[in-house]
Amino acid sequence: AQSVTQLGSHVSVSEGALVLLRCNYSSSVPPYLFWYVQYPNQGLQLLLKYTSAATLVKGINGFEAEFKKSETSFHLTKPSAHMSDAAEYFCAVSPRLTGGGNKLTFGTGTQLKVEL
Amino acid sequence: AAGVIQSPRHLIKEKRETATLKCYPIPRHDTVYWYQQGPGQDPQFLISFYEKMQSDKGSIPDRFSAQQFSDYHSELNMSSLELGDSALYFCASSYSGGENTGELFFGEGSRLTVL
């Protein structure tokens with residue numbers, strides 16, 4: 001079974017500082033990997049996705065992530081944090097299947113706090 | 001662009017009552033997924049349907065059932081509601097053919113509160 005592990009349930013950074021949210025995956029085959037953001041009482045918004053086209057993936061709001069097969073990692077980064085980045089971030093994995101089998105398995109989430 | 005539509009957005013029920021949530025996928029999407037997110041939890045996969053047939057099953061209680069109709073919309077039926085069923089329920093849809101990248105498109109969720 002595929003899974004993702006997010007290290008750090010809470011991360012706090014200063015405004016303007018680097019954001020690094022860690023995600024490691026477990027899969028016997030190269031999976032699809034995703035980062036989603038969830039603001040309080042809202043739905044899940046896709047930040048970016050890895051589908052093997054390129055190992056460095058750029059997403060919305062200045063976020064990017066790098067797929068590293070040797071480290072089985074897909075860490076999310078942003079060079080400069082903004083107050084509006086404060087939210088819950090979920091890493092997710094899905095198999096490369098057809099026929100409706102691509103359910104997402106989420107990590108436990110990382111709550112990002114941005115301080116002045 | 002059309003998104004995944006869920007209704008109702010908010011629902012309040014008493015214990016032992018029944019609730020039905022509806023999901024309208026993005027046009028041409030052939031797969032629907034249901035997730036449950038408890039307070040402070042990550043979304044947990046419940047069940048999915050591909051071309052109106054159940055394609056996968058997760059941690060869905062026996063008190064819950066779901067189906068996908070001929071117009072591809074889906075309904076999640078929850079009976080004998082318990083306090084622990086209070087959660088945000090997400091529906092997502094995807095298209096399995098063509099440029100399938102495994103991406104799921106999520107609705108805004110239906111918040112169920114059981115009193």
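Throughout, read-outs are computed from the coordinates displayed, never taken from laboratory work. In this text, all values refer to a predicted model and were calculated from it rather than measured experimentally. Cβ sites come from the backbone with ideal geometry, for glycine too, and all protein chains shown count toward neighbours.
Condition check ((1) in a strand (DSSP E or B); (2) under 13 Å from the mean Cα position of the chain (by Cα)) across all residues:
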site	(1), (2)
B:Leu11	yes, no
B:Lys22	yes, yes
B:Pro27	no, no
B:Gln36	yes, yes
B:Ser48	yes, yes
B:Gly102	no, no
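Out of all the residues in segment B:35-53, which are buried (at least 20 other Cβ atoms within 10 Å of the Cβ) and more than 10 Å from chain A (Cβ to nearest Cβ)?
B:Gln36
I'm trying to understand the selection: among the residues of segment B:54-67, which are small (Gly, Ala, Ser), facing another protein chain (nearest Cβ under 10 Å) and outside any loop (DSSP other than H, G, I, E, B)?
From segment B:54-67, those small (Gly, Ala, Ser) are B:55, B:58-59, B:65-66; that's our starting set.
Filter once more, so that each one left must be facing another protein chain (nearest Cβ under 10 Å): B:55, B:58.
Listed by number, the list holds a single entry, B:Ser55.
Of the conditions (1) more than 12 Å from chain B (Cβ to nearest Cβ); (2) in contact with a His (Cβ under 9 Å, 6 or more places away or on another chain), A:Thr110 satisfies every one except a single condition; which number is it?
Going through (1) more than 12 Å from chain B (Cβ to nearest Cβ); (2) in contact with a His (Cβ under 9 Å, 6 or more places away or on another chain) one by one, A:Thr110 breaks only (1).
Does A:Leu18 fit the bill of being within 12 Å of chain B (Cβ to nearest Cβ) and not polar (S, T, N, Q)? If you could, list the steps in order and put the result at the bottom.
On the way: within 12 Å of chain B (Cβ to nearest Cβ): no; not polar (S, T, N, Q): yes.
In short, no.
What is the one condition in (1) part of a strand (DSSP E or B); (2) surrounded by fewer than 24 Cβ atoms within 10 Å (Cβ to Cβ); (3) within 7 Å of chain A (Cβ to nearest Cβ); (4) not basic (Lys, Arg) that B:Phe90 does not satisfy?
(2)
Can you name every residue in segment B:16-28 that is of a type outside the set (Val, Ile, Thr), surrounded by fewer than 19 Cβ atoms within 10 Å (Cβ to Cβ) and over 17 Å from B:Leu88 (Cα atoms)?
B:Arg16, B:Glu17, B:Pro27, B:Arg28 - these are the residues of segment B:16-28 that are of a type outside the set (Val, Ile, Thr), surrounded by fewer than 19 Cβ atoms within 10 Å (Cβ to Cβ) and over 17 Å from B:Leu88 (Cα atoms).
For segment B:68-82, enumerate the residues that are of a type in the set (S, T, N, Q), away from chain A (no Cβ under 14 Å) and either closer than 24 Å to B:Ile12 by Cβ or surrounded by 13 or more Cβ atoms within 10 Å (Cβ to Cβ) (or both).
Listed by number, the residues that qualify are B:Asn77, B:Ser79, B:Ser80.
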